[in-house]
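Please treat every number below as a calculation from the coordinates, not as lab data. Predicted model only: the values in this text are computed from it and were never measured. All Cβ positions, glycine included, derive from the backbone under ideal geometry; neighbour counts span all protein chains shown.
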Amino acid sequence: MFQSKGSKISFFMLGLIAIFAIMFSVVNNSKLAASINGPRIVFEETKHDFGKIQEGPQVEYVFKFTNKGNQSLHIEKVQASCGCTGTAMGEKMDYAKGESGEIKVTFNTQGREGKQEKTVMVYSNDAKEPQKVLSFSAEIVSNTAK
């Protein structure tokens, strides 16, 4: 079938290239399937601005999310960046496909002044984004400012 050593080598190389192309295609399709399959936490918004507020009261905001994946979403923990920020989810930590939930964030403005930016980390079993950052900001106006 092959008359020369050069044609045998060419055929062998062509076969190797075909094998690598097939392997590359399979690996990429696996990654695509992994990104589509599994739980997926999607927030309506990940940033909130309270605007200008007076120093003193505690303010709160609710970040809403939905499990847009095709498997159960588990919230492992929610962690605020500092002691002036609190988080609440209730008892529910698992969300079925299409199910929604919310994370309530509270911010104590007492003793704070000026521009404030805080974050909350949400840890889940979302393979694509296992750590999601929620953030909020506010401009605190001192009660003693004239």
Taking amide H positions as placed in the peptide plane 1.01 Å from N, state which residues far from Asn125 in sequence (5 or more) or on other chains have amide H under 5 Å from it.
His74, Glu76
Taking only the C-alpha atoms, wrap a convex hull around the chain and report its volume per residue in Å³ as a whole number.
150 Å³
Report the label-to-label distance for Glu76 and Ser4 in nanometres (one decimal), using points 7 Å from each Cα along the Cα→Cβ vector.
6.0 nm
Do any GluC sites (Glu not before Pro) in segment 76-146 lie in a loop, going by DSSP, with at most 11 other beta-carbon atoms within 10 Å of their beta carbon, and if so which?
Glu91
Could you give the length gained on full extension between Met93 and Glu117, defined as 0.36 nm per residue of separation minus the Cα-Cα distance, in nm?
6.0 nm
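Give, rounded to the nearest 20 debye, the magnitude of the charge dipole that the chain has about its Cα centre when Lys and Arg contribute +1 at Cβ and Asp and Glu contribute -1 at Cβ. Provide the component values of the computation, followed by the final result.
Working: 18 positive and 15 negative charges, 146 e Å.
Using only the charged Cβ atoms, the result is roughly 700 debye.
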Per the rule of 0.36 nm per residue minus the C-alpha distance, extending Leu14 to Val133 adds in nm 38.1 nm
Could you state the angle between the C-alpha long axis of helix 5-36 and the longest principal axis of the C-alpha atoms of the chain, as a value from 0 to 90 degrees rounded to the nearest 10?
20 degrees
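Among Lys77/Lys97; Lys47/Lys77; Lys92/Lys128, which pairs are too far apart, with a Cα-Cα distance over 29 Å? List each step's numbers first, then the result.
Working: Lys77/Lys97 19 Å; Lys47/Lys77 19 Å; Lys92/Lys128 22 Å.
In this structure, no pair lies more than 29 Å apart at Cα.
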